[in-house]
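Okay, so here's the structure we're looking at.
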């Protein structure tokens, strides 16, 4: 037997089938270059460790948001340069004075008391207060001789900008009437929103909390 016959005999012997491993699967695919082993195989999902893509995306998003916030803070807003202690104090003082005026009145001086209070207000809230006092408070105060006096026992700026502010005010209010001559005290807290108009802080919202 010649060497060529030996070669043919070796070639004709069936080769053992190669089973794909648990982590690698074959993908022969028609039209692929079978001479390239890298293109003829693909890794299964189990072959690679899980990569935490979502947490990484969240971290990147948070970093980007933090960077944007810092940029806006230092280049656009900069509240420390636009406001100071004097601005905050003027807003707090206006909230104190306006709160006392809003919640204090006597049956004999209602019109004057409400006019003084309205001088501290602006916008839609001023219109609401005017309607409310005329239609609701005045008739009841005159009929029952209601006297109420407010005292601010504490106030602090919650949010201050050059032309707007929110102040948290703590109030004690003492009320007497013809039916109940003994003073009755009530304590409450109010978020007072103010807007600076023509250099004066005026109340635009008055929200009990």
(message) Looking only at residues that are surrounded by 11 or more Cβ atoms within 10 Å (Cβ to Cβ) and over 23 Å from the mean Cα position of the chain (by Cα) in the stretch 197-209, which one is farthest from residue 90 (Cα to Cα)?
(response) 197
(message) Among the residues in the stretch 174-184, are any closer than 23 Å to residue 88 by Cβ and in contact (Cβ under 8 Å) with a residue 24 or more places away in the chain?
(response) no
(request) From 184, 156, grab the single residue that is within 28 Å of residue 87 (Cβ to Cβ), surrounded by fewer than 14 Cβ atoms within 10 Å (Cβ to Cβ) and in the same structural domain as residue 96 (by TED's automatic domain parsing). (result) 156
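Does the stretch 160-188 hold any residues that are part of a strand (DSSP E or B) and either closer than 15 Å to residue 97 by Cα or under 19 Å from the mean Cα position of the chain (by Cα) (or both), and which are they? If you could, list the steps in order and put the result at the bottom.
First, pick out the residues of the stretch 160-188 that are part of a strand (DSSP E or B): 160, 164-176, 184-188.
Answer for the stretch 160-188, where residues must be part of a strand (DSSP E or B) and either closer than 15 Å to residue 97 by Cα or under 19 Å from the mean Cα position of the chain (by Cα) (or both): 160, 164, 165, 166, 167, 168, 169, 170, 171, 172, 173.
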(message) Tell me the residue from 126, 145 that is under 32 Å from the mean Cα position of the chain (by Cα) and surrounded by 13 or more Cβ atoms within 10 Å (Cβ to Cβ), please.
(response) 126
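The values are calculated or read from the model by the stated rules, or taken from the named source; none is laboratory data. In this text the structure is predicted, and so the values were computed from the model without any measurement. Positions of Cβ are generated from backbone atoms using ideal geometry, with glycine treated the same way; all protein chains shown enter the neighbour counts.
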